[in-house]
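In what follows, a structure is listed as structure tokens, so that the remarks can point back to it.
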Amino acid sequence: MGQIRGIWAWSMLMVTVGCSDYSVSTLCVEKGSGFDIEEVSVLQDAAGYPDNRDAVVLERSIGELQTGESWNITHIDVLAMVPEWVFGDYSGGDVLTIELYDADSPVGAEPFRVSRAIDVDALEWEKLRLPETAFWAGIREELDQRKAWMRFDFEGVIPEGGLNSAQYTVAVSWASKGLPTIGYSNFNLDCGKNWTDYGDGAWELNSADGDGSECSWPMLRVGVETRTFAEDCDGESVALE
């Protein structure tokens, strides 16, 4: 009987150790916000630049990753804008391209790209009036606008191993008509993280002029997925063998 009890106790210990090892070897998958322009600035203007690209350098804030852990971009949202006076007749179809660089600069790096044609009927539009200080919309006398968040899905575009750099660059690229225009933040963000290609394929850093702190960034929201080891997962998990 004592021998049987000893075998039973040893078996239970092995089961406990096995469960502990299994939980530690669980990869937790968490999705959240990597960047939201509305947390650092506000909508000020609407602009679209034919054959141009405008980029900002962003930074992930998930800490250091261990071997086997990874992070990735799931989607990037851009605030599409259409002037109120043409909204009723605007049929859409204009293509925007979002470029994602796994680097702290777009120079010399090859991006992941997702293009999407604007579908007016599929988006949720809101009316708004831009402030009198709006530059491009003010020049065109188009302060009354419609706005809608337009999603670009990057799941399946980036390899499963995820991104490598702690900083990444997001660019908006327009076709020849520069439509749709998109929302721009107040002129209160870092020009040292703002790059523009004025149509010749060469990126220029905007902090080259001015004091470097008066740039307007595209209105962007970035979704991030992280895969990290933990004993307990709040959300989705991937059990490792």
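The values are calculated or read from the model by the stated rules, or taken from the named source; none is laboratory data. Because the structure is predicted, anything quoted here is derived from the model rather than measured. Ideal geometry is used to build each Cβ from the backbone, glycine not excepted, and the neighbour counts take in all protein chains shown.
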- Note on the structure: The correct count of residues that are closer than 26 Å to TRP125 by Cβ, among the hydrophobic types (A, V, I, L, M, F, W, C) and out of contact with any helix residue (DSSP H, G or I) (no Cβ under 7 Å at 6 or more places or on another chain) in the stretch 56-99 is 13
- Note on the structure: Flagged in the stretch 27-61 as among the aromatic types (Phe, Trp, Tyr) and either over 15 Å from the mean Cα position of the chain (by Cα) or in a loop (DSSP other than H, G, I, E, B) (or both), in numbering order, are TYR49
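Give the residues of the stretch 80-109 that are in a loop (DSSP other than H, G, I, E, B) and more than 27 Å from VAL29 (Cβ to Cβ), sorted by residue number.
GLY88, ASP89, TYR90, SER91, GLY92, GLY93, ASP94, SER105, PRO106, VAL107, GLY108
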- Query: Which of the residues belonging to the stretch 63-72 are modelled with pLDDT under 90 and within 13 Å of VAL29 (Cα to Cα)?
  - Reply: GLY68, GLU69, SER70
- Is there a residue in the stretch 62-79 that is buried (at least 20 other Cβ atoms within 10 Å of the Cβ), touching a residue at least 40 places away in the same chain (Cβ under 8 Å) and assigned to a loop (DSSP other than H, G, I, E, B)? no
- Would you call SER91 loosely packed, with under 14 Cβ neighbours inside 10 Å, among the polar types (S, T, N, Q) and modelled with pLDDT of 95 or more? yes
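A quick yes/no check of all residues on (1) acidic (Asp, Glu); (2) closer than 21 Å to GLU38 by Cβ; (3) buried (at least 20 other Cβ atoms within 10 Å of the Cβ); (4) modelled with pLDDT under 95:
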{"residue": "PHE135", "(1), (2), (3), (4)": "no, yes, no, yes"}
{"residue": "GLU155", "(1), (2), (3), (4)": "yes, no, no, yes"}
{"residue": "PRO159", "(1), (2), (3), (4)": "no, no, no, yes"}
{"residue": "SER165", "(1), (2), (3), (4)": "no, no, no, yes"}
{"residue": "THR169", "(1), (2), (3), (4)": "no, yes, yes, no"}
{"residue": "THR181", "(1), (2), (3), (4)": "no, yes, yes, no"}
- If you check GLY192 against the conditions, is it over 21 Å from the mean Cα position of the chain (by Cα) and either polar (S, T, N, Q) or surrounded by fewer than 16 Cβ atoms within 10 Å (Cβ to Cβ) (or both)? no
- Message: For the structure I just gave you, tell me whether ARG146 is assigned to a strand (DSSP E or B), in contact (Cβ under 8 Å) with a residue 12 or more places away in the chain, within 20 Å of GLN167 (Cβ to Cβ) and basic (Lys, Arg).
- Response: no
- If a residue has to be closer than 30 Å to THR133 by Cα and under 17 Å from the mean Cα position of the chain (by Cα) to count, how many in the stretch 143-184 make the cut? 13
- Selection from the stretch 206-223 of residues that are at pLDDT 95 or above and assigned to a strand (DSSP E or B): PRO218, LEU220, ARG221, VAL222, GLY223
